Amino acid sequence: MNTNPDFRTPEFSARGRRADSLFRYATIAAGAIVLLVLGAVAFTTTKRAWPALDSMGLDFFTSDRWAPNEKFFGARSFIYGSLVASTIAVVLAIPVSIGIALFTTQVVPARWRRPIVYLVDLLAVVPSVVFGLWGILVFAKHVDGFYGFLHDVLGPIPVVGDLFGEGSGRGYMTAGIILAIMITPIITSLAREVIDTCPPADREGAYALGATRWEMIRGTVLPYSKGGLVGAVMLGLGRAMGETIAVALVIGSTANISANLFASGDALPARIANEWGEAEGTWRAALIGLAVTLFAVTILVNLAATAVVNRSLAKSQGTR
Amino acid sequence: MAAMSIPLIRTSDELTLEDLTAKRTRRSLVSSLMTVLMGLSVVAVTIPLGAVLYTVVSKGASVLSADFVTKDIPIVTRQVGPGMGPAIVGTLLITLVAAFMAVPVGILGAVYLNEYSAGGRFGKLVRFMATVMTGVPSVVMGLFVYITYTLRYKQNAFGGSLALSFLMLPIIIRSTEEMLKLVPSNLREASAAMGSRKSRTILTVVLPAALPGVVSGCLLAVARAAGETAPILFVVGATNTVNANMFNGVNTALSAQIFTNAQQPFVGAQQRAWGAALTLLTLAFAITLVARLITARFALKR
Amino acid sequence: MDAELRPDTPLGDRTEIRRTVATSPSVDAAPTSDPVFRAERLSVLYGKYRAVKQCDLEIHRNEITAFIGPSGCGKTTVLRCFNRMNDLIPTARVEGTLTYQGVDLYDPQVSAVEVRRRIGMVFQKPNPFPKSIYDNIAFGPRVNGIKKKTQFDDIVEQSLRGAALWDEVKDRLKTSALGLSGGQQQRLCIARTIAVEPEVILMDEPCSALDPIATARIEDLMQELKNRFTIIIVTHNMQQAARVSDRTAFFSVEINPQSDTRTGILVEYDRTDKIFSNPTDERTENYVTGRFG
């Protein structure tokens, strides 16, 4: 009787080994698709947008004149609109998101955590077009009066007053508010994750010195998670800039550059969605050019944000 | 040792209850105030959530009916009355096919990251880029599919599925990887010790162990994708009648119908938009609820 | 000395209660001053689970008191009662009374924040804040209302000198505290604690994460500090207790056969030399001679 173990089991036969490596290659290929798609997006959109980018040159980014009939395409007002709306969104979402994250991790007992987390995550389930529908048919109509009130109160103040001019329910501010609602769950969940890495020993250290809860948070939790929080906010900013449909419905669709936050404007993705149906030829190339611009900006913001968050999470896992 | 210059504590020789009582100082007030503000931020998100849900349900419910779900979309937008049948069919068709494409690839990708990459540089790059890819705007993904697919094969439902699957892919990869991480390594070792090939270990031990969490993550990705609008506008087009053919002819979806009808000044169109919104919201919430239940009941926990 | 055997005394009447653990005549019946802490039938519960059962003990001013015992005996749990650190655990509850200079620490009017200002704590693992050395020390005084820069400079120097760390870090006060060695970090945590001028310092196994040299430095430091502070130290190192402390409390574990739960009990509390040379209780004897635990 042969006492040596038989390694030629079906499991490790030539066929078995081939199946094993085939599976491995399949997984590698699946991972590679991510890189392929990202690369292909960059390449094909840039190529398609080239006729417009080429004929416009730098004017594409610096001019605020968008005149499809004359084949003149300057995207500055849309870049401006995207920046203003997403800045409003981030400014509004930061305190709320970090507030919720701190509330769930530092204040409420553990059994209250999950319900609050689920509640906030429900916001992320509502499709953006539904927010847009609510924004244009309900919110924009009701918020008009409030904007008027703000204009009456803040308008006369020099410099600051310029931000609060006359306007309507459809403009930067409404877009910013809707975007803030949409990015709050994203920032909140990341902020919660980052804040959770703050070791309990650090918090106890602050409490043992006679700190109040807020002093503990300011002294240990916030400095500890600073990097990650910055990353979370940047991811939120990236989302806000890329968000299309809700903004397309409520920003007012006007090529406009104004300091007045209540004025109508337009954003990069919104302009694409609204004009795509009627556009053709160079016009479409120009719209794709807007998409390239948007892609480049969001990728940069996301790259930076992901790097910041990763570094912050790795740091907290590495040191203690 | 010299005594410190600041007698912070030693106020009197005799300690009294008074000394240890909470002082109504600025410090304690600030702390209470900040705690209240944190609580209020939870309220602050509840208000828009409640407002949106209330409006959609109240306005949508009056429109919903059997006819609304089955009948074709009126060609004259001014017309009051049902239906949204073609959009419901379109949304289900486009999203399902997208899921069938994205889920296997996403799971394989996650298997690579967690089981094969072993901290290698390629693995790190893929993981990083998958995270970045979750942030690619859907409008960009829509135009990408328009350029690479629609220009050649015309607008149809499959183009929409392609775009949605690209949007789902990174989400599925990331969530599946998180679940695979939770599978205890001794399961892998036990399987390997019994003489299993690695692929068999993954397929018969690791993935089944992580399955509930993986399914839950995929469902959440599907729920998000079902509401995507911009790609539908570019690559699927619009129609008023049911088109069950994925590859031939324009189609439509709930999200796109909400978008176009929301911009109409007519009551009938707006009503249909609310009805479509309620339908879409119900679909998204139902999928999310199932995902949450699976996670709560079956998934591996941290 | 068992709490159960003690004649029932009306709780809250402090003058009636003498040292219930003073079973040994060698303990000073009348210490130089009133006890800083007095625990009477102190129990700690986590939910329904009783973690520590009815201890009675007194802590004396400007002494070092060591809590020793096998792991799980509740010595850290008891220590964390003294500055209400257990408040941070939602299910934790305290029964019995614990007075600090005659004031009931668990009186509903008492604020944990005020208590912790006066009763500082040093933890098992060094836990400096992710800030500079300077800001670590300044944190306590800052939250306690100091505003002037010159005062901070003064406090930082005094505290670091007090913790025997000044000479090592005076040139890099603005660098991150996380760059210090483990022993330096722990001394920084001590400096941080004495910067708010507490009356008591609680130390929860402060040397368990340190090497022998760093441990020796902390032990030397404790001898200096006891002139200014009252110190309670939890340690699982019996030699350390014998080296540094004036009094020692030995805790042990009682296993409840019905529910299979473990409850910490205070077995014996006495002068350290007595505990280590001539303990009254057999369980203490077994533990300090290494036959158990």
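Taking the stretch B:167-228 and the helices (runs of 4 or more DSSP H) fully enclosed by it, the elements with 2 or more residues that are within 18 Å of B:LEU108 (Cβ to Cβ) and of a type outside the set (Ser, Thr, Tyr) are at B:198-201, B:207-226. Checking each residue in the stretch A:21-59 for being within 25 Å of the chain's Cα centre (by Cα) and closer than 30 Å to B:LYS198 by Cβ picks out A:GLY31, A:ALA32, A:ILE33, A:VAL34, A:LEU35, A:LEU36, A:VAL37, A:LEU38, A:GLY39.
Which of the residues spanning the stretch C:191-221 are among the β-branched types (Val, Ile, Thr), touching a strand residue (DSSP E or B) at 6+ places or on another chain (Cβ under 6 Å) and either facing another protein chain (nearest Cβ under 10 Å) or surrounded by 24 or more Cβ atoms within 10 Å (Cβ to Cβ) (or both)? Steps first, please.
Within the stretch C:191-221, the first condition is being among the β-branched types (Val, Ile, Thr), and the residues that meet it are C:193-194, C:196, C:200-201, C:213, C:215, C:218.
Among the residues that remain, those that are also touching a strand residue (DSSP E or B) at 6+ places or on another chain (Cβ under 6 Å) are: C:193, C:200-201.
Residues satisfying the conditions are C:THR193, C:ILE201.
Take the stretch C:100-136 and flag every residue that is surrounded by fewer than 21 Cβ atoms within 10 Å (Cβ to Cβ) and either part of a strand (DSSP E or B) or of a type in the set (Ser, Thr, Tyr) (or both). Answer for the stretch C:100-136, where residues must be surrounded by fewer than 21 Cβ atoms within 10 Å (Cβ to Cβ) and either part of a strand (DSSP E or B) or of a type in the set (Ser, Thr, Tyr) (or both): C:VAL103, C:ASP104, C:TYR106, C:VAL110, C:SER111, C:SER132, C:TYR134.
Take B:GLY160 and decide whether it is crowded, with 24+ Cβ neighbours inside 10 Å, within 13 Å of another protein chain (Cβ to nearest Cβ), out of contact with any Ser or Thr (no Cβ under 7 Å at 6 or more places or on another chain) and under 30 Å from A:GLY289 (Cβ atoms). Walk me through it before giving the result.
Numbers: crowded, with 24+ Cβ neighbours inside 10 Å: yes; within 13 Å of another protein chain (Cβ to nearest Cβ): no; out of contact with any Ser or Thr (no Cβ under 7 Å at 6 or more places or on another chain): yes; under 30 Å from A:GLY289 (Cβ atoms): yes.
Against the criterion (crowded, with 24+ Cβ neighbours inside 10 Å, within 13 Å of another protein chain (Cβ to nearest Cβ), out of contact with any Ser or Thr (no Cβ under 7 Å at 6 or more places or on another chain) and under 30 Å from A:GLY289 (Cβ atoms)), B:GLY160 does not qualify.
Where the second residue is of a type in the set (A, V, I, L, M, F, W, C) and modelled with pLDDT of 95 or more and the first is over 16 Å from B:GLU228 (Cβ atoms) and lies in the stretch B:272-289, which pairs have Cβ atoms under 6 Å and are six or more apart or on separate chains? Partner pairs satisfying both residue conditions: B:ALA273/A:LEU133; B:ALA273/B:ILE258; B:LEU278/B:VAL56. The numbered conditions (1) without any contact (Cβ under 8 Å) to a residue 12 or more places away in the chain; (2) closer than 18 Å to A:LEU179 by Cβ; (3) among the charged types (D, E, K, R) are all true for A:GLU278 except (2).
Give the residues of the stretch A:107-129 that are at the interface with chain B (Cβ under 8 Å from one of its Cβ atoms) and out of contact with any Pro (no Cβ under 7 Å at 6 or more places or on another chain), sorted by residue number. Matches in the stretch A:107-129: A:VAL107, A:ILE116, A:TYR118, A:LEU119, A:LEU122, A:VAL125, A:VAL126, A:PRO127, A:SER128, A:VAL129. When the residues of the stretch B:248-298 are narrowed to those that are in contact with a helix residue (DSSP H, G or I) (Cβ under 8 Å, 6 or more places away or on another chain) and part of a loop (DSSP other than H, G, I, E, B), which ends up modelled with the lowest pLDDT? Ranking the candidates gives B:PHE298 first.
In the stretch A:148-159, the condition of being part of a helix (DSSP H, G or I), of a type in the set (Asp, Glu) and either surrounded by fewer than 24 Cβ atoms within 10 Å (Cβ to Cβ) or in contact (Cβ under 8 Å) with a residue 24 or more places away in the chain (or both) is met by at least one residue.
Is it true that B:ALA238 is within 11 Å of chain A (Cβ to nearest Cβ), in a loop (DSSP other than H, G, I, E, B) and surrounded by 19 or more Cβ atoms within 10 Å (Cβ to Cβ)?
Details: within 11 Å of chain A (Cβ to nearest Cβ): yes; in a loop (DSSP other than H, G, I, E, B): yes; surrounded by 19 or more Cβ atoms within 10 Å (Cβ to Cβ): yes.
It is true that B:ALA238 is within 11 Å of chain A (Cβ to nearest Cβ), in a loop (DSSP other than H, G, I, E, B) and surrounded by 19 or more Cβ atoms within 10 Å (Cβ to Cβ).
Residues that are polar (S, T, N, Q) and surrounded by fewer than 17 Cβ atoms within 10 Å (Cβ to Cβ) were ranked within the stretch C:160-186; the one that is farthest from A:PRO223 (Cα to Cα) is C:SER181.
Among residues of the stretch A:202-224 that are part of a helix (DSSP H, G or I) and modelled with pLDDT of 90 or more, those with a Cβ under 8 angstrom from a residue that is surrounded by 23 or more Cβ atoms within 10 Å (Cβ to Cβ) and among the acidic types (Asp, Glu), sequence gap 6+ or separate chain, pair up as A:ALA206/A:GLU215.
Going through A:ALA246, A:ALA263 one at a time, which residue ends up being crowded, with 21+ Cβ neighbours inside 10 Å and touching a Leu at 6+ places or on another chain (Cβ under 9 Å)? Every option except A:ALA246 fails the conditions. Has the stretch C:118-129 got at least one residue that is at pLDDT 85 or above, farther than 17 Å from A:ARG203 by Cβ and within 11 Å of chain A (Cβ to nearest Cβ)? Yes: the stretch C:118-129 contains one or more residues that are at pLDDT 85 or above, farther than 17 Å from A:ARG203 by Cβ and within 11 Å of chain A (Cβ to nearest Cβ).
Of the residues that make up the stretch A:193-208, is at least one touching an Asp or Glu at 6+ places or on another chain (Cβ under 9 Å), of a type outside the set (Phe, Trp, Tyr) and under 30 Å from A:LEU313 (Cβ atoms)?
Kept after step one, since they are touching an Asp or Glu at 6+ places or on another chain (Cβ under 9 Å), are these residues of the stretch A:193-208: A:206-207.
Next, only the ones that are of a type outside the set (Phe, Trp, Tyr) stay: A:206.
Next cut, under 30 Å from A:LEU313 (Cβ atoms) only: A:206.
Within the stretch A:193-208, one or more residues are touching an Asp or Glu at 6+ places or on another chain (Cβ under 9 Å), of a type outside the set (Phe, Trp, Tyr) and under 30 Å from A:LEU313 (Cβ atoms).
Taking the criterion of being touching a residue at least 24 places away in the same chain (Cβ under 8 Å) and either more than 7 Å from every other protein chain (Cβ to nearest Cβ) or farther than 19 Å from B:ARG27 by Cβ (or both), the only residue of the stretch C:142-157 that qualifies is C:VAL156.
Each residue in the stretch A:9-59 was checked for being touching a residue at least 40 places away in the same chain (Cβ under 8 Å) and more than 8 Å from chain B (Cβ to nearest Cβ), and 9 of them qualify.
Out of B:ALA99, B:ALA44, report the one residue that is within 14 Å of another protein chain (Cβ to nearest Cβ), assigned to a helix (DSSP H, G or I) and modelled with pLDDT of 90 or more. If you could, list the steps in order and put the result at the bottom.
On the way: B:ALA99 fails: within 14 Å of another protein chain (Cβ to nearest Cβ).
Of B:ALA99, B:ALA44, the one residue that is within 14 Å of another protein chain (Cβ to nearest Cβ), assigned to a helix (DSSP H, G or I) and modelled with pLDDT of 90 or more is B:ALA44.
Could you run through the stretch C:78-97 and say how many residues are away from chain A (no Cβ under 12 Å) and either buried (at least 22 other Cβ atoms within 10 Å of the Cβ) or of a type in the set (Gly, Ala, Ser) (or both)? Before you say what the answer is, go through the steps one by one.
Going residue by residue through the stretch C:78-97, those that are away from chain A (no Cβ under 12 Å) are C:78, C:81, C:92-97.
If we keep only those that are either buried (at least 22 other Cβ atoms within 10 Å of the Cβ) or of a type in the set (Gly, Ala, Ser) (or both) as well, we get C:78, C:81, C:92, C:96.
Residues meeting the conditions: 4.
Answer yes or no as to whether A:VAL143 is part of a helix (DSSP H, G or I), facing chain B (nearest Cβ under 10 Å) and under 27 Å from B:ARG272 (Cα atoms). Quick ask: steps written out before the conclusion?
Values: part of a helix (DSSP H, G or I): yes; facing chain B (nearest Cβ under 10 Å): no; under 27 Å from B:ARG272 (Cα atoms): yes.
For A:VAL143, the condition - part of a helix (DSSP H, G or I), facing chain B (nearest Cβ under 10 Å) and under 27 Å from B:ARG272 (Cα atoms) - is not met.
Against the list (1) over 16 Å from A:TRP214 (Cα atoms); (2) at the interface with chain A (Cβ under 10 Å from one of its Cβ atoms); (3) surrounded by fewer than 19 Cβ atoms within 10 Å (Cβ to Cβ), the condition B:GLU18 fails is (2).
Report whether or not B:ALA256 is buried (at least 22 other Cβ atoms within 10 Å of the Cβ), within 17 Å of B:GLY106 (Cβ to Cβ) and within 11 Å of chain A (Cβ to nearest Cβ). Here the answer is no, as B:ALA256 does not meet what is asked.
Which ones in the stretch A:225-261 are closer than 30 Å to A:THR197 by Cβ, facing another protein chain (nearest Cβ under 9 Å) and in a helix (DSSP H, G or I)? So that I can check it myself, show each step before the final result.
Within the stretch A:225-261, the subset closer than 30 Å to A:THR197 by Cβ is A:225-243.
Right, trim to facing another protein chain (nearest Cβ under 9 Å) and you get A:226, A:235, A:238-239, A:241-243.
Residues satisfying the conditions are A:LYS226, A:LEU235, A:GLY238, A:ARG239, A:MET241, A:GLY242.
The values are calculated or read from the model by the stated rules, or taken from the named source; none is laboratory data. All values derive from a computational prediction rather than experimental measurement. Here Cβ is always computed from backbone atoms with ideal geometry, including for glycine, and neighbour counts include all displayed protein chains.
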